[in-house]
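Notes follow once the structure below has been shown.
The values are calculated or read from the model by the stated rules, or taken from the named source; none is laboratory data. Fair warning: this is a prediction, and the values are worked out from it, not measured in the lab. Heads up, the Cβs are rebuilt from the backbone with ideal geometry, glycines too, and the neighbour counts pull from every protein chain shown. Remember, those area values only see protein heavy atoms, side chains included, never the ligands or the DNA or RNA. Shrake-Rupley method; radii C 1.70, N 1.55, O 1.52, S 1.80 Å.
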Amino acid sequence: MDAFYASVATRDRPDLQQVPVIVGGGYRGVVLAANYPARAFGVRSGMPGTRARRLCPQAVRLPADHELFGAVSAAVMEAFRRVTPRVEAVSLDEAFLDVRGATRRLGGPREIAEELRARIHDEQRITCSVGVAASISVAKLASRLAKPDGVVVVGPEEIVEVLHPRDVGDLYGVGEKTRTVLHGLGFLTVGDLARTPVQELQHKVGRALGRQLHDLAWGTDRREVTPGRVSVFGHGGDPDRSMGAQRTFGRDQHEREVVLRELLTLTAGVARRMRAKGVAGRTVAITVRFADFRTISRSHTIAEASDVTQELYQAAVALYDALGLQRTPLRLVGVRVEGLVPRESVHRQGLLGEREHGWSDADRAVDRAAQRFGRSAVRPASLLDPSGRQSGSARGSA
DNA sequence: TCTGGGGTCCTAGGACCC
DNA sequence: TCTGGGGTCCTAGGACCC
C-alpha cells in the first residue's frame, strides 16, 4: 500500500487529499506515515515527530487508529488470497505473492498486478504499487520503483541493467550502517558488489552477509514465498520465535516501583498473547533504555517453558534488580519471551507445594473475564490506581 | 520536547559435553 | 603432560525491516 496509514486515515476526507498529513509522531513518538504532500517537505515515516513538525509545521496530524488499520489490512490480505493462496504477509500493508499458479486463470504478471490494484482501489479506496520479478528481492525493489500508484515489471534479462547502477543502499537488507561500511570498502554500486568474488565479500563483511549481498547483487536470491510467514495475521504458517512488548515513558522514570509496575503491565500483555496463541517460552529478556538512549538487554533462561504471567514477571524482576540501577532515569523498558514452543509440548515437573498451577488457573480465569468484559476489567491488584479511580472503560477490578 | 513498537536474523564469546 | 575438535546452549549486542 502507498503511505498506508495516511491513506486509510484520509480516505473519507477529500479535503485532506492535497494537503500534508502525518499519522503518529506525537510526544516522544515517530511518524507512522506521511502522505505524499507531506513527503514533499522531507517528512518520512520513522522520523521523530519533533523533526517532522519543524520540516512541515502546517501538516495536519491525525492519530493512529490501529483497529481500523488492522481491519483494512485483513481485507487487503483477503483480496490477495483471492488471487493466490501463496501470500506471505510482510507487515500490515505489504505482502509477497507467488503468482506462478495464477497466470492461466488471470493472465500475465502485469495483468494480475493491475487487477490487484483495481480491486484494492475499488474495495478499500486506497492505492498500492506492485513490483513484479522472478525473485523476492528484485520484486521488492521494483515495487519501490513503482511507487506511488504504479506497476514495475523487471524481466529476467533486465535485472542486471536495473540493479547494477544503483547504490548498494537500495538493496533489500542493506540499511544505513551496512551502506556506510560498504561505501568505506569502496563498494558504491550494486555492480561493484556483483563483480567481487563471494569469498572476498565474505572475508570483508562476514559469512552470511557476504553471501547475501552477492546474491542480492545478481538478483538471484532463491528464497521462496512462505505463506503466512508473518504471524500477526494468524493464518498458521511458521510459529512465532518470540513475543514482546516495550514502552517509552512519557517522562523518564527512576522509581523501582514505577518501573516494575510497567514491567508487570507489559509482561501480563505478552503472556496473554502467548496463551491466546497457545505457546510458552523459556527465555525471558528485558530491555532498558537510558535517558541518553543507550540501550541494554539482559536475558535469563528458565528450566521449563512457561506462559504464566507471574513466572515470567518474576524472571523479569530478577533481571531488572540484577542491573543494580540506583534511581537511574529510564526512558524505556521492555519484556520479550523467546524460544517459544507449543504449550502442549511442555510437560510440567510440578514440584510439591508449588503454586504455579494456581497462577496458571488464575491467568486463564483472567483471560476469560477480559474477553467478556474488556481487557481493563481485570488486572493485578498492584496495577490498580491507588486513588481508586478507574481508567478507560474499566467496569471493575479483582 | 530528538529518536516507537513489533519483530527476525547474525555474530561472538564462553560454558559445557563428548 | 601443556593442549584437539566438533557440537550445542546461553547471553549480549547489533543490523535490519515495516
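Structural remarks
- Boolean, A:L16 is farther than 24 Å from A:G131 by Cβ and open to solvent by 20 Å² or more (accessible area, probe 1.4 Å): no
- Flag for A:A381 being closer than 25 Å to A:V259 by Cβ, modelled with pLDDT under 95 and either open to solvent by 50 Å² or more (accessible area, probe 1.4 Å) or in contact with a Ser or Thr (Cβ under 7 Å, 6 or more places away or on another chain) (or both): yes
Residue by residue, here is whether (1) buried (at least 18 other Cβ atoms within 10 Å of the Cβ); (2) within 16 Å of DNA strand B (Cβ to nearest atom); (3) outside any loop (DSSP other than H, G, I, E, B) holds:
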{"site": "A:L141", "(1), (2), (3)": "yes, no, yes"}
{"site": "A:L145", "(1), (2), (3)": "no, no, yes"}
{"site": "A:V152", "(1), (2), (3)": "yes, no, yes"}
{"site": "A:V160", "(1), (2), (3)": "no, no, yes"}
{"site": "A:Y172", "(1), (2), (3)": "no, yes, no"}
{"site": "A:H214", "(1), (2), (3)": "yes, yes, yes"}
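- Extreme residue, surrounded by the most Cβ atoms within 10 Å (Cβ to Cβ), among residues of the range A:177-212 that are of a type in the set (S, T, N, Q) and within 25 Å of the chain's Cα centre (by Cα): A:Q212
- Restricting the first member to the range A:15-34 and to residues that are acidic (D, E), and the second to residues that are more than 16 Å from DNA strand C (Cβ to nearest atom) and assigned to a loop (DSSP other than H, G, I, E, B), no beta-carbon pair is closer than 6 Å while six or more apart or on different chains.
- Number of positions in the range A:77-131 that are open to solvent by less than 50 Å² (accessible area, probe 1.4 Å) and either free of Cβ contacts under 8 Å to residues at least 12 places away in the same chain or hydroxyl-bearing (S, T, Y) (or both): 7
- When residues in the range A:15-73 are screened for being in a loop (DSSP other than H, G, I, E, B) and of a type in the set (A, V, I, L, M), 6 of them pass.
- Within the span defined as the range A:260-277, one or more residues are within 14 Å of DNA strand B (Cβ to nearest atom), without any contact (Cβ under 8 Å) to a residue 40 or more places away in the chain and not acidic (D, E).
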